[in-house]
Amino acid sequence: MTLVINKGISPNNMVNSVLEISGVDINCCLQCKKCTNGCPVVTMVDTPPSEIIRQLQLNAGDDILKSDLVWMCASCETCFSRCPMKIDMAAVMDALRIMDAKKTIPARTSKVNKFNNAFLSTVKMFGRTYDIGMIAAYKIKTFNLLQDTDKFPAMIRKRKIALFPNFGADKKYIRRIFKKTSK
Ligand code: SF4
Ligand code: SF4
């Protein structure tokens, strides 16, 4: 795969920003690719984890935030357990997500970001995820109102999706988590 480095887009040194946010120093990466070989989502993304690290080391600029992996990383920590240098890739991805969320330019993967926000908004509101509320919020955010609507009747018939939210969660506790993590 050709590695395209688009230098000079970001005046900031992203390696330092990642270090500041996540506490992970990616300068020690050996490019052994053990992380990439074990990553469960690597076949679904355009840039594997080891390449993200390399691009960051070469100061690839903000364009790296458009990589699918930034929002598709499952935080499974497989890469971390395989890495000989103990680089916590999930923490690096979290740092990149924070940087991406602060940007106003819509990224190619912004649908993932919108899904994430729709999911979190229902958790914040009801204490647990509420499928229909999340789907409605996601459709409004993406203006894709009719996508997959033909599947609704079967999903409701088979009870794959709840019509009403679950009010059983301790909302005070959930609100506290959101308050703490938003800092
Ligand atoms: S496993 Fe660790 S050292 Fe090897 S390429 Fe991945 S991040 Fe770098
Ligand atoms: S934490 Fe993310 S990058 Fe690492 S193996 Fe899991 S999905 Fe891949």
Next item on the list: Could you list the chymotrypsin sites (Phe, Trp or Tyr not before Pro) in region 116-183 that lie in coil according to DSSP, counting only those with at most 15 other Cβ atoms within 10 Å of their Cβ?
Entry: PHE143, PHE167
Checklist line | Principal-axis tilt of helix 171-182 within the chain, Cα atoms, nearest 10 degrees | finding: 20
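Taking only C-alpha pairs under 8 Å that are 6+ residues apart, what is the relative contact order of the chain in percent? Can you show the working numbers first?
Details: 201 pairs, mean separation 33.0, N = 183.
Value for the chain: 18 percent.
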Check: Shape of region 110-182 from its Cα gyration tensor (a ≥ b ≥ c, root eigenvalues): rounded if a/c is under 1.5, otherwise prolate when a/b > b/c, or oblate?
Finding: oblate
Check: Relative to the longest principal axis of the chain, what angle (0 to 90°, nearest 10) does the C-alpha long axis of helix 131-142 take?
Finding: 60
Notebook entry, point to check: So which lysines can LYS180 reach, going by Cα to Cα under 29 Å and dropping same-chain residues fewer than 8 places off?
Noted result: LYS66, LYS86, LYS102, LYS103, LYS111, LYS114, LYS124, LYS139, LYS141, LYS171, LYS172
Next item on the list: With a 4.7 Å Cβ cut-off, tell me which Cys residues in the chain come up empty for a partner.
Entry: CYS28, CYS29, CYS32, CYS39, CYS73, CYS76, CYS83
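Fewest to most neighbouring Cβ within 10 Å: what's the order for GLU77, GLU51?
Values: GLU77 13, GLU51 20.
Final ranking by Cβ density, sparse to dense: GLU77, GLU51.
Before anything else, pin down the relative contact order of region 14-102: Cα pairs under 8 Å, at least 6 apart, normalised by residue count, whole percent.
Details: 109 pairs, mean separation 31.1, N = 89.
The value is 35 percent.
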Next item on the list: On a 0 to 90° scale, report how tilted helix 110-126 is relative to the longest principal axis of the chain, with both axes built from alpha carbons and the result rounded to the nearest 10.
Entry: 50
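FYI, it's all coordinate maths here, none of it is from the lab. The structure displayed is predicted, hence computed values, not measured ones. All Cβ positions, glycine included, derive from the backbone under ideal geometry; neighbour counts span all protein chains shown.
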